[in-house]
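To keep things clear, I will list the structure first and then write my remarks on it.
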């Protein structure tokens, strides 16, 4: 199964490189032969769309991961307290959460292409400005604006997936995009840590800003326009208030909030934990951090494949994934050796990714197409509230307990168990609303 999904990703990149040749060949065909070849080019276009979105997601997650490592030298340079570091890490999520409530609606209303291009351009600018920040307030403001700029990207990309993939293929397509988060962890943790150790913490943000501008151009060139306006007019309109009356979306919201407390708590503070508590240097920390990311990468792709094959089991995926996340998290921070801690962190990350993919597959498979962006944005709003709470909460708890992370990790375990409790009450129908 892993070979199959990795093969699909390779096809996406290959098609992106061959796209100009294929388009030229299409127009050279005789008119009577074009119809026979149309489905081939539509398949190529879907792969190209997925490839471009994957690259954009990868760079976006790369930046989120970079600040989690950069906060170590940033804290030393500006003499920041643990609480101040937590606030800087949380500031991105404040902006990101605010725009979640509107970004999905924008994509549903105006189409995903314009929203995606605007997001990538904005985050490129603010990523570059991160590297020029000169103190706590500047960093807090720039990361907040970065969150505002990127916030619409996730729901807009879900709209793009719905516009280009059949219902039975959407979970796999979305899982390919979500796997970019783990791939960024594999490549980025060691790469960013090495750049910061050799040069300084500012350089990676300048490099990421340039990459973002290149991706903006790729999106403008290769991302397809929205479906026809006549198709939009035929869609059944459902008021947003009716969507919010459905208890399913609120339950998924809470599940995603709980498991995201775990995710963003670990993502933002594990580098500091490994350096301060497990006594690793910056480069070794970056290298070992790629192991859980690799486990998450494989599990993300496998979960997407299974969800498309096992429709109706979303509840089981979320409950079991949340239970295992809590269990392996506890085993991680109580592990007697660093090697065991990395093993259990990897299992925790893999378990989290089961919930991760399932949460974002539910709107794609259970909501009307014209509400997918709005539903995804609302659900992801819960995750971004967690992103605001978790880094600051851990920073405060570490300060209160004089540098110990144990109480903070117990708080993350409780958050995962909240997801378990709510997940057991979820009953998904074939179509919601």
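Within the bounds of segment 346-354, is there any residue that is closer than 25 Å to residue 69 by Cα and surrounded by fewer than 23 Cβ atoms within 10 Å (Cβ to Cβ)?
Scanning segment 346-354, I find at least one residue that is closer than 25 Å to residue 69 by Cα and surrounded by fewer than 23 Cβ atoms within 10 Å (Cβ to Cβ), so the answer is yes.
All but one of (1) within 16 Å of the chain's Cα centre (by Cα); (2) more than 23 Å from residue 355 (Cβ to Cβ); (3) surrounded by 18 or more Cβ atoms within 10 Å (Cβ to Cβ) hold for residue 205; which doesn't?
(1)
Determine which member of the set 95, 75, 86 is more than 25 Å from residue 179 (Cα to Cα), touching a helix residue (DSSP H, G or I) at 6+ places or on another chain (Cβ under 8 Å), free of Cβ contacts under 8 Å to residues at least 60 places away in the same chain and part of a helix (DSSP H, G or I).
75
Look through segment 273-287, keep the residues that are assigned to a helix (DSSP H, G or I) and surrounded by fewer than 16 Cβ atoms within 10 Å (Cβ to Cβ), and return whichever of them is farthest from the chain's Cα centre (by Cα).
Ranking the candidates gives 276 first.
Residue-wise test of (1) more than 20 Å from the chain's Cα centre (by Cα); (2) outside any helix (DSSP H, G or I).
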site: 128; (1), (2): yes, no
site: 133; (1), (2): yes, yes
site: 137; (1), (2): yes, no
site: 140; (1), (2): yes, no
site: 163; (1), (2): no, no
site: 170; (1), (2): no, no
site: 174; (1), (2): no, no
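Given the structure, is residue 191 closer than 20 Å to residue 127 by Cβ and either modelled with pLDDT of 85 or more or surrounded by fewer than 21 Cβ atoms within 10 Å (Cβ to Cβ) (or both)?
Judged against the criteria, residue 191 is a match.
Take residue 399 and tell me if it is surrounded by fewer than 24 Cβ atoms within 10 Å (Cβ to Cβ), part of a loop (DSSP other than H, G, I, E, B) and modelled with pLDDT under 90.
So residue 399 does not fit the description; no.
Quick one: which of 410, 345 is out of contact with any helix residue (DSSP H, G or I) (no Cβ under 7 Å at 6 or more places or on another chain), at pLDDT 95 or above and not in a loop (DSSP other than H, G, I, E, B)?
Residue meeting the stated conditions: 410.
I need the full set of residues from segment 52-73 which are closer than 14 Å to residue 193 by Cβ and surrounded by fewer than 22 Cβ atoms within 10 Å (Cβ to Cβ), in order please.
Matches in segment 52-73: 72, 73.
Return the residue satisfying two criteria in turn: it lies in segment 288-340 and is part of a loop (DSSP other than H, G, I, E, B) and closer than 17 Å to residue 356 by Cα, and of such residues it is modelled with the lowest pLDDT.
311
Does residue 420 satisfy the condition of being surrounded by 17 or more Cβ atoms within 10 Å (Cβ to Cβ), over 21 Å from residue 65 (Cα atoms) and modelled with pLDDT of 95 or more?
Answer is yes for this residue.
Regarding segment 105-114, can at least one residue be identified that is assigned to a helix (DSSP H, G or I), in contact (Cβ under 8 Å) with a residue 40 or more places away in the chain and closer than 23 Å to residue 195 by Cβ?
No: zero hits.
If residue 118 meets every condition in (1) crowded, with 19+ Cβ neighbours inside 10 Å; (2) under 22 Å from residue 220 (Cα atoms) apart from one, which number is that one?
(1)
Looking at (1) modelled with pLDDT under 85; (2) farther than 18 Å from residue 380 by Cα, which is the only condition residue 90 fails?
All conditions pass for residue 90, except number (2).
The values are calculated or read from the model by the stated rules, or taken from the named source; none is laboratory data. The structure displayed is predicted, hence computed values, not measured ones. Virtual Cβ from ideal backbone geometry, glycine too; neighbours counted across all protein chains shown.
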